[in-house]
Structure formats: C-alpha cells, structure tokens
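Q: Sharing a structure with you now.
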Amino acid sequence: MRADVTELPVSIPIPTGAALAAAPVNRFAHRRLRHVGELAIEVVLFAAAFSAVAVTVAIVGILVYESAAFFSHVPLVDFLTDTQWTIMFSEKHYGVAPLLAGTLVTTTVGLLLAIPVGTVTAIYLSEFAGARTREIVKPVLELLAGIPTVVYGYFALVMVTPALQFFMPELPGFNMLGPGLVIGIMIIPYVSSVAEDAMRAVPVHMREGSYAMGATRLQTALRVVVPAATSGIVAAYILGISRAIGETMVVAVAAGQQPNFTWDPREPGATITAFIVQVALGDLPHGSIEYQSIFAVGLVLVLMTLSFNLLGHLARKRFREAY
Amino acid sequence: MTTETARIRRLVARGKRFDKVFVILGLMSLMVGVLTLAVLLAGLVHDGAARLDWDFFTRFPSRRAGNAGILSAIVGSTLVMLITALTAIPLGVAAGVYLEEYARRNWLTEIIEINVNNLAGVPSIIYGLLALGLFVYALDFGQSILSAGLTLALLILPVIIVATREAIRAIPSSIREGACALGATRWQMVRDHIIPYSTGGILTGVIIGLARAIGETAPIITIGALTFIAFLPDPPLGAEFPFVSFEWLKSPFTVMPIQMFNWMSRPQAAFQVNAAAAGVVLVVMTLVMNGAAIWLRMRYRKRIKW
C-alpha cells in the first residue's frame, strides 16, 4: 500500500462522501492500538513528574507527624521561649533558641563573606573579564561547588581555625567563626554564578546607551546593569542563604556540637543541622523523645528555608524588570 | 574653555582609575575561590600523602590507624551510587520529558514545577529525615544500602529533572514539527529525536548529580550508616542456584564521606592522617566526575549546530 504514495497522480481527485464510504478499509485502522500505547506512556511519564509532589508531601507529612508526637510531650511555649537545649542530659530543656542562634551566627558569618565576594566576582566576570578568563574561571568555581561538604569540614577544622588562631590566640579549637567562613567560601560559586547569569541577561543596548552618555565601565556596571538585574541577584542571595542555613557537615565537624545560646561567632556552638547529626550518630531508639526532637527541629529548618524562598519569590516579583 | 576641558579630562581620568581599582578588586575576589581550592587540595595531599598506598584501598577499617583502609567504604559508595543512578535517572528523565513535551499549561503542571524548584532548595539533611521516617522505619528497609541509594536518588532528582528540561528546551521546534509531519506519534518523536538529541545535556546533569550524591554525608548519617564495617556485602552473583542474590540491598554499609567523618572525629593524630587520605580520594572522585561533566558540556555545545 505504501508504494502507492509515490505513484499518486499529479491532480489528486478529492474523494466525495460516496467515494469515502466505498473506500475498502481505512489503512490506518490497525494503528488504533497505538493511541492506547501513547496514553499509557503519557500516564507513566506523568507519574514520574508527579513524584516530585509526592516527595514534598512525604517530607511535610513525616516532619509534621513526628513533630506532633514531640509537641505532645513538650509544650510549644517551652520550645520557643526556653534558652537551653539540653536534650541529651538528664535534666532536659527543650528551648530551640540556642540551635537557632547557632544557625543564624554561622549563616551570617558565611553571608558576610559570600555576598560581597560573590557579587564582586559576578560583576567582574560579567562586565570586565574577557571571554578567555571567563572560560577558565567559571569551571574552577564549579569545581569549588562540587567538593564534598565533609572535606570542607576538614578544611575548617584543620586549616582555617588554626590560621585564625594565629591572629586570635584566644580562639578555641571549636568555634563558629571558622566554619562560618568556610560556609561562605562554599556558597560563593552559587551566588556568583546565578548573579552573573542575571547580569549577562541584561540587553547589550542598555550598556551601549550608558557608554554613549560617557559613563565608564564601572558606572555602567553599578548604575545600569546591577539595578536592571536586581531580581536575579536577589535570587542568587536567597539561594546562598538557603544553602548556608542547611549546611551540615562543616558545622558538625568544626563548631563543637554544643548548643550554646550566644551571638558571638568566636564561641563554640551547634546549629539545627549539627544537632540532627549528633543525635543520628547516637543511634537512638525509634519513638523516643530524642528521635522525635530531630524531626521537630527539622520542621523548623524547613520553615526557615521555605520562608526565605518565599521572601525571594516576592522580592523577585517586586524587582522584576522586563525588556 | 581650557579649564572646562581640563575638568572633563580629570573626570575621565578619575573614572578610569575607579575602573582599574575595581578590576583589582574583582581579581582578588576571584582569587578567594581559586586560591581556596588550591590551598585545600595542597593541604589535603600534604596531610594524607603518607597513607595513600595500595594497602589503603584494599583494607578494612581498623582500630589501629596504620592498618585501616577504605575498601568497605569504596564498595559501599559504589553500590549506593548504583541504586541512586538506577532510580534517579529513569525517574528524572521521564519527569523532565513529561514537563517539556507532554504537560499542558494548567494548575497541575504549575504545582509540579513549583515542587521541583522547591525540592532543589530543601537542605540535604531533610532528605535524611524523610528517609529515616519513610525508608528505614515505615517501609522497613532498615539502615541499608537500599535506603541510602533511594535517599540520594530523591536528593538528586531535581538536578536531573532540571538538566533534562534544559537539554530538551535547546532542541529547536523544527525537529519536532518534522517528526510530526512525517506521521510520528508523540512518543515516537520523543524516543527517536528528543531523547537522542538531549543525551549530552542529560548526561552532564546526571554526572553532576551523582558527583553531588557521592560526597553527601548528612542524609546518610541521619539514616544511620555504620562507620565500622569490616566486611563486604553479599556478592550479587553466586555460584549456586538462583545465581543472583539481592541480599546486598539489605546489607549494612559505610560510604566514603562517612568513613572520612568518622576518622576526623577521633582524637588521635594518626586517624587525622587517614581522614586526609580519604579526603584526597573523595575529592579526586568528585573532581573527576565534575570535570567530565564540564568537558562533556563544552564538547556538546561546540558540536551541535542545528
């Protein structure tokens, strides 16, 4: 039948209703089945895509379920107002404040390093560097982002803290400053690559307009490109903050794992993530209050990153510029 | 008039000076990252070189630092990566294909997209908590290779989905239209054109995802991997009927980053040397994988001309 196609007459007679009815058999009829196959494939692919939703539901479900058990033992007020977290001791206090303080201190130290350095790197790569430099530096930054966090933990404990002790002799071997700085170095690539992408997306004619008015490169970069790319730069910062809050191993290795309600980065401390690691290493029985507590603080961690992401979403909407 | 020209000249000179200052500042910021990488690698090699010999790769962990090796950790990492790859690649590619080629613009698609983006931002240790509650206890897989592999698969799923979508988006629509014009069904179009042409991009994403998974420590600690494993899991192929065994899926295990973390948290200096040596092996593994991904991406970018 297929051979017919090549021998079609130049003028194709249009089949009328009668001719259609008289046509022997629809030669595509045997392919009806393929619609069933197509549908089956679409269902399978949809199920795979929907697994992302299932994972989210599972995460929220498990965190809420175990946290509910935790809060049936521990009043929410104690959890929020007590300033001690001594769940591993005989006299138990369930105040999340020390863990929150630890998380905020290391995150802040990290951001104080990563945001300026990451932003300047991004501006330099996008507005000043030649194509060659960019081609070499970007992969190196990517490699920096690919190094396992446990190795960064070793770096913080064995190299960074001793180096800091050279300048600050009274700094203890476990402190939050060293890990905080290392977290900062870890998130520089995230901040710089997202911010750079945002700046490079700014149309060239805007830069040309600025140069035509006699502005220098730096003036163009700071007064034209950066304002135009603000929404993307904010997104880069938010990504950095999420990474810093959720970073685990660096702090678990080098900050001392002692919940400590302080805002001084030179002291040892524990973050939410470090506490989860500490409990998990102890191999606690399923269903104990300590077991439930890691889900409760995990819920706090998720709420923190979620609210930052939400903030970022709103900020992106607020600063969005369309060209 | 001359004073006015001089004023403008001064202004221009000042602007150019600021440009130069910023270039120096930019190079210094670049160096923060690049130098860190160099110092980190040099320090690790310096600390760990003494232990990096053949014995280190062929021995089990030991109470005596000088006798300890990473055999069980390397085997554990390999098996966990196997499960991760077998789960995450089909799931991630299928999800990416659905979102790019099948999904209609409606609220359901939007929910899925929001979820994929959010999952990419969830801290890795939260996946560990999910795995502890779901895989270890609810599904009763125990603290096993299977639980760890599935956990890391969920962790890198967003990476693979996003990479697949980007690779597919780069294919011009003329390819799709050409296939459809010749009577291909949607699946035939996807199978014969979309997937083959996006393989390079997908592979890049898969390698980056696996490189991340192999270095992940926190979620594996959370599900309770042991650190002292002086045996290997049951081999998957046996000499007796039925020849294939899946016992290894349920086996307790350790992986490279956990082994390193364990050595690091011991007080004795000799174990710190082991930690550094394990760190060198781990960093080389991830650098090689990430380097391969970068190389692959450049190669495909150069080669494809639509």
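Q: Rounded to the nearest Å, what's the spacing between the alpha carbon centres of the stretch B:12-54 and the stretch B:265-291? Just the number, please.
A: About 22 Å separates the Cα centre of the stretch B:12-54 from the one of the stretch B:265-291.
Q: Could you tell me the relative contact order of chain B? Use alpha-carbon pairs under 8 Å, at least six residues apart, and round to a whole percent.
A: 25 percent
Q: In addition: For the stretch B:32-106, I need the span (max minus min coordinate) of the C-alpha atoms along each principal axis, in Å, sorted largest to smallest.
A: 60, 36, 18
Q: What are the extents of the Cα atoms of the stretch A:115-236 along their three principal axes, listed from largest to smallest and rounded to whole Å?
A: Largest first, the stretch A:115-236 extends 55, 27, 25 Å along its Cα principal axes.
Q: Let me ask something else. Suppose R0 equals 22 Å. What FRET efficiency, 1/(1 + (r/R0)^6) with r the Cβ-Cβ distance, do B:Phe18 and A:Met213 give to the nearest 0.05?
A: 0.85
Q: While we're on this one: Once the principal axes of the Cα atoms of the stretch B:123-233 are found, what is the range along each, listed largest first in whole angstroms?
A: Principal-axis extents of the stretch B:123-233 (Cα, largest first): 59, 29, 25 Å.
Q: Continuing with this model, one more query. So what's the stretch B:1-67 giving for Cα Rg divided by 2.2 N^0.38 Å, two decimals?
A: The reported ratio for this selection is 2.49.
Q: Follow-up question, since we're still on this one. Is chain B rounded, prolate or oblate when judged by the Cα gyration tensor, a ≥ b ≥ c being the square roots of its eigenvalues, rounded requiring a/c under 1.5 and prolate requiring a/b larger than b/c?
A: Judged from the Cα gyration tensor, chain B comes out oblate (a/c at least 1.5, b/c at or above a/b).
Q: Averaged over its residues, how many other protein chain Cβ atoms are within 10 Å of peptide A:131-144's Cβ atoms?
A: 4
Q: Return the loop-located trypsin sites (Lys or Arg not before Pro) in the stretch A:218-322 (DSSP other than H, G, I, E, B) with at most 13 other Cβ atoms within 10 Å of their own Cβ; answer none if there are none.
A: A:Arg320
Q: Loop only per DSSP, at most 11 neighbouring Cβ atoms within 10 Å: give me the trypsin sites (Lys or Arg not before Pro) in the stretch B:35-115, ordered by residue number.
A: Counting only loop positions with at most 11 other Cβ atoms within 10 Å, the trypsin sites (Lys or Arg not before Pro) in the stretch B:35-115 are B:Arg63, B:Arg64, B:Arg104, B:Arg105.
Q: If amide hydrogens are placed 1.01 Å from N in the peptide plane, which non-local residues have theirs closer than 5 Å to the one on A:Trp85?
A: Long-range HN contacts for A:Trp85: A:Gly95.
Q: Another one. Among the listed pairs A:Lys317/B:Lys20; A:Lys138/B:Lys250; A:Lys138/B:Lys20, give every one whose C-alpha distance is greater than 31 Å.
A: In this structure, A:Lys317/B:Lys20; A:Lys138/B:Lys250 exceed 31 Å between Cα atoms.
Q: I would also like to ask the following. Measure off 7 Å from each Cα along the Cα-to-Cβ vector at B:Ser62 and A:Thr230, then give the distance between these two points in nanometres to one decimal.
A: With each label placed 7 Å out from Cα toward Cβ, I get 6.3 nm.
Q: Enumerate the calculated ³J(HN,Hα) couplings along the stretch B:92-100 in order (Karplus 6.51 cos²θ - 1.76 cosθ + 1.60, θ = phi - 60°), each rounded to whole Hz, writing x wherever the residue is Gly or Pro.
A: These are the phi-based 3J(HN,Hα) values: x, 5, 4, 5, x, 4, 4, 5, 8 Hz.
Q: Other chains near A:151-163: what is the mean number of their Cβ atoms within 10 Å of each residue's Cβ?
A: Partner Cβ neighbours, averaged per residue: 6.
Q: For the pair A:Asp197/A:Thr262, report the inter-label distance in nm, with labels modelled 7 Å from Cα in the Cβ direction.
A: Computed distance between label sites A:Asp197 and A:Thr262 equals 4.0 nm.
Q: Which residue fluctuates most in the GNM of chain A (Cα springs below 10 Å): A:Ala296, A:Ala163, A:Ala236?
A: Of A:Ala296, A:Ala163, A:Ala236, the most mobile in the Gaussian network model is A:Ala163.
Q: Do the sum for chain B: with -39,500 (n - 2.57) for every DSSP H run of n ≥ 4, divided by all residues, what is the mean residue ellipticity at 222 nm, to the nearest 500 deg cm²/dmol?
A: -23500 deg cm²/dmol
Q: Report the equivalent ellipsoid semi-axes for the stretch A:97-319 in whole Å, largest first, defined as the square roots of five times the eigenvalues of the gyration tensor built from alpha carbon atoms.
A: Here the semi-axes work out to 37, 20, 14 Å.
Q: Springs between alpha-carbon pairs under 10 angstrom, Gaussian network model over chain B: which of B:Ile126, B:Ile89, B:Ile220 fluctuates most?
A: B:Ile126
Q: Could you tell me what % of all Cα pairs in the protein assembly as shown have separations over 46 Å?
A: Beyond 46 Å sits 25 percent of the P(r) for the protein assembly as shown.
Q: Picking from A:Arg134, A:Arg200, A:Arg34, which is most flexible by a Gaussian network model of chain A using Cα springs under 10 Å?
A: Per the Cα network of chain A with a 10 Å cutoff, A:Arg34 tops the list.
Q: Tell me, which longest segment in chain A has none of the GluC sites (Glu not before Pro) that fall in DSSP loops with at most 15 further Cβ atoms within 10 Å?
A: Counting only loop sites that pass the neighbour cut-off, the longest clear stretch is A:171-320.
Only the coordinates and a few stated rules stand behind these numbers; no lab work does. The model shown is predicted, which means the values in this text are computed figures rather than measured ones. Note that each Cβ is placed from the backbone with ideal geometry, even for glycine, and that neighbours are counted across all protein chains shown.
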